[in-house]
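Have a look at the structure below, then the notes.
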Amino acid sequence: MNQGANRLILEGRFLVNIAGAIIRQDALRPVRGNIDWERMFRFADYHRVANMVYLAMLGKGDNIPERWRDLFFDRYVQGLLYKDSCETAEQEILTLLDVSGIPCTVLESSRIHNLYQIQEMAYRNPLKLWIGKDNYSLVKGYMVDQGYVTTFTYKGFGERMKHSSGFQLEIYYELPFHTKFYKKNMMQILNYAYVREPYKHVRALSVDKQFVWMMAQCVYHYVLDELRIREVLDLYLYYKTWHEQINMEYIKKAWDSFRIDEIASMLLALSYMWFGSVEELAPDQRAEDMSTYDVMENRILSRVPTGRETNQQAIALEKGIRRELDKETRKERYQRQKEQWKEKWDGFARHVTWMFPGYKYMRTMYPVLEYIPILLPAFWLVRLLRFLIGRIA
């Protein structure tokens, strides 16, 4: 493991400890030591926990450069204001789609902040909607009319849009997963979404299916080295809040259909190690071999596979995703080459057409062709010689 990865892991554990202390409502330890606050802000912002770090900074005082203290504070204020405006913005969007008779399914909602005892500690989670291909362009047009602009495009899946108020929306015409069996199982979950009151065309996932969605997404991000601390925290809070209503027998069968039952159980256990207590888990959900959790933790915090991945499900899923990504890359490369060859052929065809114009055009230049059309090739040569003589002269 290189020095850079080690540093990321140490900084990641610092962020995990802060987030865990706030969630458990432990006494926050004062921040000590020489910290590169620029680097810490960027790292915390990537993991979407910068607003939580601000609380740990209180009392640090003048030891923190003003610029970075203000940026941490800005993230805290954004979280403070967001919880008051997100539900209103979300309701406006869902009402607009419902009145317009456009069916949609809520994949994720800003309501996740209700799981936090201190709600301003939640992240500004976007509203994620499954629209489908038929109504995608129409919905995007509606959002543009409402003042939303595209900030990121998920190529082949959808896009993220943002309002000037700060509220974010993600709309999808294709589920954001590359492997076919992942998409198939996700679509089966969406097929059982229920109509969310008081709407007629807006659907939502049940408690069980929402947890399956969240875990499947976390595992997917994990094998791509894109899993953030905030995602693990939201997963922990969701399970902690709803575990009594969650049917674990169904959950395990669903995980098995995704081929992630082992790694999903490990991620759930890791979330309790970070933010809660392992004793809160059922005996069959607790960690046994801690070395495998070290590999998982290090990979999440460093964003690279720092140790040899031992979980066969993670290895298989990663290979499947990479295989599909490679296939898409080859397809795009072939398409680019095809377009390049088409451009070259079109250019060649234009040159040929210029050098050997059609009969109707040549007849206007050389009227004799109207009576003796068989001389067309000869007059092509005459035209070409006249052009060359003109260029020489």
Somewhere in the range 64-86, is a residue exposed (fewer than 13 other Cβ atoms within 10 Å of the Cβ) and among the polar types (S, T, N, Q)?
no
Looking for something in contact with a Leu (Cβ under 6 Å, 6 or more places away or on another chain), within 29 Å of residue 156 (Cα to Cα) and surrounded by 14 or more Cβ atoms within 10 Å (Cβ to Cβ) - is there at least one such residue anywhere in the range 307-326?
no
Say whether the condition of being modelled with pLDDT of 85 or more and more than 30 Å from residue 10 (Cα to Cα) is met by at least one residue in the range 296-316.
no
Residue 43 fails exactly one of (1) out of contact with any Asp or Glu (no Cβ under 8 Å at 6 or more places or on another chain); (2) at pLDDT 90 or above, namely (1)
Quick check on residue 370: is it surrounded by 10 or more Cβ atoms within 10 Å (Cβ to Cβ), touching a Lys or Arg at 6+ places or on another chain (Cβ under 6 Å) and over 30 Å from residue 268 (Cα atoms)?
yes
Whichever residue in the range 97-115 is hydrophobic (A, V, I, L, M, F, W, C) and under 17 Å from the mean Cα position of the chain (by Cα) and, among such residues, is farthest from residue 201 (Cα to Cα)
107
Could you list, in sequence order, the residues of the range 119-133 that are of a type outside the set (D, E, K, R) and either at positive phi or out of contact with any Leu (no Cβ under 7 Å at 6 or more places or on another chain) (or both)?
119, 121, 122, 123, 125, 131, 132
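The values are calculated or read from the model by the stated rules, or taken from the named source; none is laboratory data. Since we're looking at a predicted model, the values are computed, not measured. Quick reminder, even Gly has a Cβ in these numbers, built from the backbone with ideal geometry, and neighbours come from all protein chains shown.
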